[in-house]
C-alpha cells in the first residue's frame, strides 16, 4: 500500500504544527503577583494585624496599675453639720498599687516575646502564601501548555482523519483506520474539556490568593523563570532551615515567653504593695479653727491561697513552657521530613526532565517521522502511526509536568528553608 505524496506532505505538515512549548526565559509578572499577594492576601493581612496588635502589649504589661482617687467625707454627724465635731473632715485620697519587684519587667518581657512570636507568625504566613502563589502560578503554566498541546494534537488527528479517509476512498486504506482516528480525536476533545476545567480551578485559586474579584482574567504565563534550589548540601539546607525558619523562631519566642511566665508565677507568692496618701480638710468648730489632717498608709495583699491558686498557676506555666518546647521539636521533625521530600521531588523531576529532553522526546519525534515514512511506502499500518503520534503527545505533556514539578519543588524548598521576610517585618 502506498499513500500519495500530497497526503504524505499533509501528514508531515500537521505533525510539524505540534509545538515544543516555551520552556525558557523569565516569567514576567510573577514578582508583581508576589508583591500584590503580600499587600492584598487576607491571610497575610490578618497575620500582619495580629503582629501589630501584639506589638502594643509590652508597654501595657510594664505599666503600673491605674492610681485610685477617692473623694469623701469622714465622721459627719447625723445632724449633717460640719462644724459640730472636730473630727469631721472633707477628704481626698490617692492610692497606687506597686507590684512586687520584677513583676512588671517579667510581664513586659513575656509580652515582648509574644509580640516577636506574632511577627514570626506573620512572616511564616507571608512565606506560605508566596510558596502557594508560586506553585499555583507554575500549575497555571502547565495547564496552559497542556491546552496548547491538546489543540495542536487535535489538529494532527484531524489531518490523520482526512488522510485515512483519502486512503480509504482510493482503496489504499481501511475504514477501521478512519474510526480509530475519529475515536482518538473524540478522546482528545474530552481531554480538552478536562484541561479547561482544570484551568478554571487553577485560575480561581490564583484569584483567591490575590484577593481579586471573581471572574477577573489572569493571563497564564507562557514560560517559567529559571529556578534552581540553593546549591548547598541537604545537611547544610537543614541547618539553614533550623536557623531561619520563622515557624521555629515563633516556637522559640513562645518558649521564652512561657519561661518569663514561670518566673512571674513564682513571684506571685510575694505580696504587692499599695501606698495611700490622704488630705482631710476641717473647718471651724465652736468658733475655733482646727488644723487640717494628713494620712498615709501602706497595705499589702496576702498570698494565702497557695494550694488552690498559686501552686496551680505555677504548674500551668510549666506545662505551657513544655507545650512550646514540644511544638519547637515537632516543627524540627516536620521541617526535616518536608525538606527531604522536597529535595527528592526536585531531584526526580530534574532527572525526568533531562531524560525527556535528551532521550524520550527526540526518540518520540523520530518514531513519528519514521512511522510517516513507513506509512508512505506501505510498510507500516495506520494504527502504528497513530500510536506513535499519541506517544509523542504524552511525552510532551509529561515533559511539561516534570518541568512544573521541578519548579514547584524549588518553591517548596525555598519555603522550608525560610524566605526573606517582608520588608516591614525585618
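In this structure, residue 179 does not satisfy being assigned to a helix (DSSP H, G or I), under 26 Å from residue 224 (Cα atoms), in the same structural domain as residue 405 (by TED's automatic domain parsing) and at pLDDT 85 or above. The residues of the stretch 282-299 that are farther than 13 Å from residue 90 by Cα and free of Cβ contacts under 8 Å to residues at least 40 places away in the same chain, listed by number, are 287, 288, 289, 296, 297, 298, 299.
Table: residues versus (1) in the same structural domain as residue 368 (by TED's automatic domain parsing); (2) under 23 Å from residue 403 (Cα atoms); (3) in contact (Cβ under 8 Å) with a residue 24 or more places away in the chain; (4) touching a strand residue (DSSP E or B) at 6+ places or on another chain (Cβ under 8 Å).
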{"residue": "146", "(1), (2), (3), (4)": "yes, yes, yes, no"}
{"residue": "153", "(1), (2), (3), (4)": "yes, yes, yes, no"}
{"residue": "163", "(1), (2), (3), (4)": "yes, no, yes, no"}
{"residue": "167", "(1), (2), (3), (4)": "yes, no, yes, no"}
{"residue": "215", "(1), (2), (3), (4)": "yes, no, no, no"}
{"residue": "222", "(1), (2), (3), (4)": "yes, yes, yes, no"}
{"residue": "249", "(1), (2), (3), (4)": "yes, no, yes, no"}
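A count restricted to the stretch 268-293 and to residues that are assigned to a loop (DSSP other than H, G, I, E, B) and more than 30 Å from residue 321 (Cβ to Cβ) stands at 7. Kindly check whether there is at least one residue in the stretch 141-150 that is at pLDDT below 90, part of a helix (DSSP H, G or I) and surrounded by fewer than 19 Cβ atoms within 10 Å (Cβ to Cβ). No, every residue in the stretch 141-150 fails to be at pLDDT below 90, part of a helix (DSSP H, G or I) and surrounded by fewer than 19 Cβ atoms within 10 Å (Cβ to Cβ). Pairing each residue of the stretch 381-403 that is outside any helix (DSSP H, G or I) with any residue that is surrounded by fewer than 21 Cβ atoms within 10 Å (Cβ to Cβ), provided the two are 6+ apart or on different chains, yields C-beta distances under 9 Å for 381/1; 381/174; 381/374. The helices (runs of 4 or more DSSP H) falling completely within the stretch 1-93 that include 3 or more residues that are modelled with pLDDT under 85, buried (at least 16 other Cβ atoms within 10 Å of the Cβ) and out of contact with any strand residue (DSSP E or B) (no Cβ under 6 Å at 6 or more places or on another chain) map to 5-16. Taking the listed residues 192, 197, the one that is assigned to a helix (DSSP H, G or I), in the same structural domain as residue 391 (by TED's automatic domain parsing) and exposed (fewer than 12 other Cβ atoms within 10 Å of the Cβ) is 197, with no other qualifying. When 348, 322, 376 are screened for being part of a helix (DSSP H, G or I) and within 30 Å of residue 157 (Cα to Cα), only 376 passes.
For every residue, the table says whether it meets (1) surrounded by 16 or more Cβ atoms within 10 Å (Cβ to Cβ); (2) not in a helix (DSSP H, G or I).
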{"site": "171", "(1), (2)": "no, yes"}
{"site": "184", "(1), (2)": "yes, no"}
{"site": "201", "(1), (2)": "no, no"}
{"site": "213", "(1), (2)": "no, yes"}
{"site": "219", "(1), (2)": "no, yes"}
{"site": "222", "(1), (2)": "no, yes"}
{"site": "258", "(1), (2)": "yes, no"}
{"site": "262", "(1), (2)": "yes, no"}
{"site": "266", "(1), (2)": "no, no"}
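Taken over the stretch 305-332, the residue count meeting the criterion of being within 10 Å of residue 255 (Cα to Cα) and in contact with a helix residue (DSSP H, G or I) (Cβ under 7 Å, 6 or more places away or on another chain) is 6.
Return yes when residue 237 is within 22 Å of the chain's Cα centre (by Cα), modelled with pLDDT of 85 or more, more than 30 Å from residue 326 (Cβ to Cβ) and crowded, with 19+ Cβ neighbours inside 10 Å and no when it is not. No, not satisfied.
The values are calculated or read from the model by the stated rules, or taken from the named source; none is laboratory data. Treat the numbers as computed from the prediction; the structure is a model and nothing was measured. With ideal geometry, Cβ positions are generated from the backbone for all residues, glycine too; neighbour counts draw on all protein chains shown.
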